[in-house]
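Accompanying notes for the structure given below.
The values are calculated or read from the model by the stated rules, or taken from the named source; none is laboratory data. Owing to the predicted nature of the structure, the values given are computational and were not obtained by experimental measurement. Every residue, glycine as well, gets a Cβ built from its backbone with ideal geometry; the counts of neighbours run over all protein chains shown. All accessible areas refer to the heavy atoms of the entire protein, side chains included, with ligands and DNA or RNA removed. Shrake-Rupley method; radii C 1.70, N 1.55, O 1.52, S 1.80 Å.
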Amino acid sequence: MSQLPDPIREGLARGWKVFGGPHAALPASLSCDVAIIGSGAGAGITAELLTKAGLEVVLIEEGPLRSSTDFKQRESDAYPSLYQESAARKTADKAINILQGRCVGGSTTVNWTSSFRTPSSTLSHWQQRFGLAELTDDAMSPWFAAAERRLNIGPWLTPPNENNDLLRRGAAKLGIPAAAIHRNVKGCWNLGSCGMGCPTNAKQSMLVTTIPAALDQGANLITQTQAREFELSGGKVAALRCTPVKIDGTPASDSVTRIVAKHYVVAGGAINSPALLKRSNAPDPHGRLGTRTFLHPVVISAATFDQNVEAWNGAPQTIYSDHFLGTQTIDGPIGYKLEAPPMHPVIFASTLTGFGQRQAELLRSFPQMHSLLALLRDGFHEESPGGTVTLRSDGTPMLDYPLTDFVMEGARRAFLSMAEIQFAAGARTVSPVHEMATSYTTWAEARDAIRALPMKPYVTRVVSAHVMGGCGLAGSERLGVVRPDGQHWQLNNVSVHDGSLFPTSIGANPQLSIYGLVNKLATGLVKRLNGRDVTLA
Ligand SMILES: Cc1cc2nc3c(=O)[nH]c(=O)nc-3n(C[C@H](O)[C@H](O)[C@H](O)COP(=O)(O)OP(=O)(O)OC[C@H]3O[C@@H](n4cnc5c(N)ncnc54)[C@H](O)[C@@H]3O)c2cc1C
Ligand code: SF4
């Protein structure tokens, strides 16, 4: 792998302006046109467009700058250095484990490449309930298309790995539609280690696309440095105060870098973006900030097959089924999307239920193990209001997300659907990932057992890799934090450009929704700041 080109190391050698951590020392102060907090999906698109328009940009990222040479397909390296809280971020009651990136490129550096436009039904709901009349399918289509061109998003033509093909085959047997997932890759080696950083640079994450483009166009990147708080004055932000952090995210020193910009773009991702605004005591007259944070709560069904499945091997998540999103109205009982996630030893062992002999047996059958996940579409019903971000005494964020009976009833239906598909695909055993479930050998046995399971937090293992909302877009300041053009309703030199903008969950893996929406908002921001017209691709 070390023989492959490494565009980050090449850029550093060319003289990119990178500060913090092992790079140039942090200056005490900086000034620029636009300071962007974060370097993930929303930040990357924004940085490329702003620098294209000739604006002076500083990106502030709390994680490290790592690149393909560092990505060794090893979970033990990846989780502590590339993920928030070492991939062990949890909701306040610890009932949900949350995966989010914390490195240059943000979650896009570690995500699994599945790319979907925002579903029409989600956009319609936003138009009707949140006053976002502009966000129609037709209006959004060119913004998605440009993001797709820029990030090489398209059909994945290689046959799916066995883990995904079992979803396709099982669904087909039951007459459930399933289809191939588009991916943001160029020359993918089909290795399956996207979650540990792509060692070949095939994944078109922000790390290898928009961030290098912005740095080549003169942006400054400050790494291993946390945006702590804004200094507010007269209804505006006067400066941003940043402090260095260690690789694990804890404070590295008391020194402060003060950044003065004409405009500030908050793009630290859901949970962290509302937390920054809360630490800064940003105005929040309607109590919206940090509320309506969504997770697509995920439940998982494991199964063993006679043949090797090797769910770690080959591109992750290449087949999906939206059938159970459409079996009821969007604001009815919660719907769910089915996919086949990658499995690697650490994530597998830490997600599985049980301990001792039972877990040892499951681990022994790791090569024959298949898994399906159900992404529950939260936020469309009053009994699915999402979670609320609050601050601990040290200013770090915490998400309180109640797993309501409404959500857990959907989780039970999802366990049933997944077990039926796995048996239809020929599973020897199916084990819903639930502390009180065992391994079932027939669909009838699984169905009766799942119907009787107590669907409660803790005993039901719930995870999330899709954190959304908390700084919701809305057509009225009573309903959200941010105006339809991305600007904060009360602070007129602050915009939010990341997944925290969504007023509900998406009902699909969110990265392309962020790229498309932020493409629109950042293009508008450029026009407002310097009157220029720019395009992403
Ligand atoms: C393991 C995994 C797999 C996924 N798979 C998929 C997939 O296949 N398809 C898909 O569509 N989506 C996927 N996602 C989700 C998708 O990647 C995210 O929804 C998307 O990247 C979020 O973009 P964002 O701009 O909101 O934030 P992020 O991309 O998370 O970027 C935010 C960045 O801001 C930094 N930051 C936060 N606060 C501060 C601060 N105060 N100061 C400085 N820096 C800060 C963070 O360190 C982070 O790097 C996955 C996510 C994970 C974790
Ligand atoms: S599957 Fe493709 S995109 Fe993912 S890590 Fe391997 S080469 Fe990179």
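Please go through segment 221-244 and give me each residue that is of a type in the set (D, E, K, R) and open to solvent by 60 Å² or more (accessible area, probe 1.4 Å), ordered by number. Can you show your working first?
Step one: of segment 221-244, the residues of a type in the set (D, E, K, R) are 228-229, 231, 236, 241.
Listed by number, the residues that qualify are Arg228, Glu229, Lys236, Arg241.
Suppose we filter Ala349, Ala302 for residues that are away from ligand 2 (no atom under 16 Å from the Cβ), open to solvent by less than 60 Å² (accessible area, probe 1.4 Å) and without any contact (Cβ under 8 Å) to a residue 40 or more places away in the chain; which single one remains? Break it down into steps so the answer makes sense when it comes.
Working: Ala302 fails: without any contact (Cβ under 8 Å) to a residue 40 or more places away in the chain.
Going through Ala349, Ala302 in turn, just one is away from ligand 2 (no atom under 16 Å from the Cβ), open to solvent by less than 60 Å² (accessible area, probe 1.4 Å) and without any contact (Cβ under 8 Å) to a residue 40 or more places away in the chain: Ala349.
Looking only at segment 91-103, decide whether some residue is open to solvent by 10 Å² or more (accessible area, probe 1.4 Å), among the β-branched types (Val, Ile, Thr), assigned to a strand (DSSP E or B) and at pLDDT 95 or above.
no
If you check Pro285, Pro342, which single one turns out to be farther than 30 Å from Tyr458 by Cβ and part of a loop (DSSP other than H, G, I, E, B)? Show your work before the answer.
Working: Pro342 fails: farther than 30 Å from Tyr458 by Cβ.
Unique residue meeting the criteria: Pro285.
Out of Ala214, Ala172, Ala178, I need the residue that is open to solvent by less than 60 Å² (accessible area, probe 1.4 Å), farther than 23 Å from Gly11 by Cα and away from ligand 2 (no atom under 12 Å from the Cβ). Which one? Give the derivation first.
Values: Ala214 fails: farther than 23 Å from Gly11 by Cα; Ala172 fails: open to solvent by less than 60 Å² (accessible area, probe 1.4 Å).
Step by step, each of Ala214, Ala172, Ala178 is checked, and only Ala178 is open to solvent by less than 60 Å² (accessible area, probe 1.4 Å), farther than 23 Å from Gly11 by Cα and away from ligand 2 (no atom under 12 Å from the Cβ).
Take Ala275 and decide whether it is in contact (Cβ under 8 Å) with a residue 24 or more places away in the chain, among the aliphatic types (A, V, I, L, M), assigned to a strand (DSSP E or B) and under 22 Å from Thr390 (Cβ atoms).
Values: in contact (Cβ under 8 Å) with a residue 24 or more places away in the chain: yes; among the aliphatic types (A, V, I, L, M): yes; assigned to a strand (DSSP E or B): no; under 22 Å from Thr390 (Cβ atoms): yes.
In short, no.
Which of the residues spanning segment 5-23 are on the phi < 0 side of the Ramachandran plot and loosely packed, with under 13 Cβ neighbours inside 10 Å?
If we filter segment 5-23 for residues that are on the phi < 0 side of the Ramachandran plot, which is where we start, we get 5-14, 16-19, 22-23.
Those that are on the phi < 0 side of the Ramachandran plot and loosely packed, with under 13 Cβ neighbours inside 10 Å: Pro5, Glu10, Ala13, Arg14, Pro22.
When segment 192-213 is examined, which residues are found to be of a type in the set (A, V, I, L, M, F, W, C) and away from ligand 1 (no atom under 13 Å from the Cβ)?
Step one: of segment 192-213, the residues of a type in the set (A, V, I, L, M, F, W, C) are 194, 196, 198, 202, 206-208, 211, 213.
Of everything in segment 192-213, those that are of a type in the set (A, V, I, L, M, F, W, C) and away from ligand 1 (no atom under 13 Å from the Cβ) turn out to be Ala202, Val208, Ala213.
Determine the pairs where a residue that is under 21 Å from Thr209 (Cα atoms), located within segment 23-41, has a partner that is modelled with pLDDT under 95 with Cβ atoms under 9 Å apart, the partner being 6 or more residues away or on another chain.
Matching pairs, first to second residue: none at all.
Tell me, yes or no, whether segment 282-293 has at least one residue that is within 11 Å of ligand 1 (Cβ to nearest atom) and either assigned by TED's automatic domain parsing to the domain that holds Ser31 or more than 25 Å from the chain's Cα centre (by Cα) (or both). If you could, list the steps in order and put the result at the bottom.
Filtering segment 282-293 for residues within 11 Å of ligand 1 (Cβ to nearest atom) gives none.
For segment 282-293, residues within 11 Å of ligand 1 (Cβ to nearest atom) and either assigned by TED's automatic domain parsing to the domain that holds Ser31 or more than 25 Å from the chain's Cα centre (by Cα) (or both): absent.
Could you please give the count of residues in segment 192-207 that are outside any loop (DSSP other than H, G, I, E, B) and within 10 Å of ligand 2 (Cβ to nearest atom)?
First pass over segment 192-207, keeping only residues outside any loop (DSSP other than H, G, I, E, B): 194-196, 203, 206-207.
Filter once more, so that each one left must be within 10 Å of ligand 2 (Cβ to nearest atom): 194-196, 203.
Of the residues in segment 192-207, 4 are outside any loop (DSSP other than H, G, I, E, B) and within 10 Å of ligand 2 (Cβ to nearest atom).
Considering only residues that are within 16 Å of ligand 2 (Cβ to nearest atom), in contact with a His (Cβ under 7 Å, 6 or more places away or on another chain) and of a type in the set (A, V, I, L, M), which ones fall in segment 131-169?
Matches in segment 131-169: Ile153 only.
For every residue, the table says whether it meets (1) closer than 30 Å to Gln487 by Cβ; (2) among the hydrophobic types (A, V, I, L, M, F, W, C).
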site	(1), (2)
Arg9	no, no
Gly20	yes, no
Leu30	yes, yes
Thr46	yes, no
Leu49	yes, yes
Leu55	yes, yes
Ser67	no, no
Ala87	no, yes
Ala95	no, yes
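If I go through segment 21-70 residue by residue, how many of them are more than 20 Å from Gly499 (Cβ to Cβ) and away from ligand 2 (no atom under 16 Å from the Cβ)?
Taking segment 21-70 and keeping what is more than 20 Å from Gly499 (Cβ to Cβ), we get 21-33, 51-58, 64-70.
Adding the requirement that they be away from ligand 2 (no atom under 16 Å from the Cβ) leaves 21-33, 51-58, 64-65.
Of the residues in segment 21-70, 23 are more than 20 Å from Gly499 (Cβ to Cβ) and away from ligand 2 (no atom under 16 Å from the Cβ).
Just to verify a result, which residue in segment 245-283, among those that are polar (S, T, N, Q) and loosely packed, with under 15 Cβ neighbours inside 10 Å, is farthest from Tyr83 (Cα to Cα)?
First, pick out the residues of segment 245-283 that are polar (S, T, N, Q): 250, 253, 255, 257, 272-273, 280-281.
From what is left, the residues that are loosely packed, with under 15 Cβ neighbours inside 10 Å are 250, 253, 255, 281.
Numbers: Thr250: 13, Ser253: 21, Ser255: 24, Asn281: 27 Å.
Only one residue fits best here, namely Asn281.
Evaluate segment 135-143: report whether one residue or more is farther than 30 Å from Ala427 by Cα, out of contact with any strand residue (DSSP E or B) (no Cβ under 9 Å at 6 or more places or on another chain), open to solvent by 40 Å² or more (accessible area, probe 1.4 Å) and charged (D, E, K, R).
Taking every residue of segment 135-143 in turn, at least one turns out to be farther than 30 Å from Ala427 by Cα, out of contact with any strand residue (DSSP E or B) (no Cβ under 9 Å at 6 or more places or on another chain), open to solvent by 40 Å² or more (accessible area, probe 1.4 Å) and charged (D, E, K, R).
Exactly one of these conditions fails for Thr158: (1) over 23 Å from the mean Cα position of the chain (by Cα); (2) under 30 Å from Val57 (Cα atoms). Give me its number.
It fails just one condition, (2).
Out of all the residues in segment 177-191, is one or more within 14 Å of ligand 1 (Cβ to nearest atom) and in a loop (DSSP other than H, G, I, E, B)? Can you show your working first?
The initial filter retains those residues of segment 177-191 that are within 14 Å of ligand 1 (Cβ to nearest atom), namely 180-185, 188.
From what is left, the residues that are in a loop (DSSP other than H, G, I, E, B) are 181, 188.
Yes, segment 177-191 contains a residue that is within 14 Å of ligand 1 (Cβ to nearest atom) and in a loop (DSSP other than H, G, I, E, B).
Identify, from the list Ser68, Ser81, Ser31, Ser107, the residue that is open to solvent by less than 10 Å² (accessible area, probe 1.4 Å) and not aliphatic (A, V, I, L, M). Quick ask: steps written out before the conclusion?
Details: Ser81 fails: open to solvent by less than 10 Å² (accessible area, probe 1.4 Å); Ser31 fails: open to solvent by less than 10 Å² (accessible area, probe 1.4 Å); Ser107 fails: open to solvent by less than 10 Å² (accessible area, probe 1.4 Å).
Only one candidate passes the filter, namely Ser68.
Search segment 456-482 for residues being surrounded by 24 or more Cβ atoms within 10 Å (Cβ to Cβ) and farther than 30 Å from Val433 by Cα, and hand back the single one that is nearest to ligand 1 (Cβ to nearest atom).
Restricting to residues being surrounded by 24 or more Cβ atoms within 10 Å (Cβ to Cβ) and farther than 30 Å from Val433 by Cα, the top hit is Cys471.
Of all residues in segment 508-535, how many are open to solvent by 10 Å² or more (accessible area, probe 1.4 Å), assigned to a loop (DSSP other than H, G, I, E, B) and not hydroxyl-bearing (Ser, Thr, Tyr)?
Applying the first criterion (open to solvent by 10 Å² or more (accessible area, probe 1.4 Å)) to segment 508-535 yields 510-511, 514, 520, 523-524, 527-535.
Within this subset, residues satisfying the condition of being assigned to a loop (DSSP other than H, G, I, E, B) are 510, 531-535.
From the residues that got through so far, the ones that are not hydroxyl-bearing (Ser, Thr, Tyr) too are 510, 531-534.
So the answer is 5.
To keep it simple, each residue is scored yes or no on (1) open to solvent by less than 10 Å² (accessible area, probe 1.4 Å); (2) without any contact (Cβ under 8 Å) to a residue 60 or more places away in the chain; (3) more than 30 Å from Thr109 (Cβ to Cβ).
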residue	(1), (2), (3)
Glu420	no, no, yes
Phe423	no, no, yes
Pro484	no, no, no
His488	yes, no, no
Ile506	yes, no, no
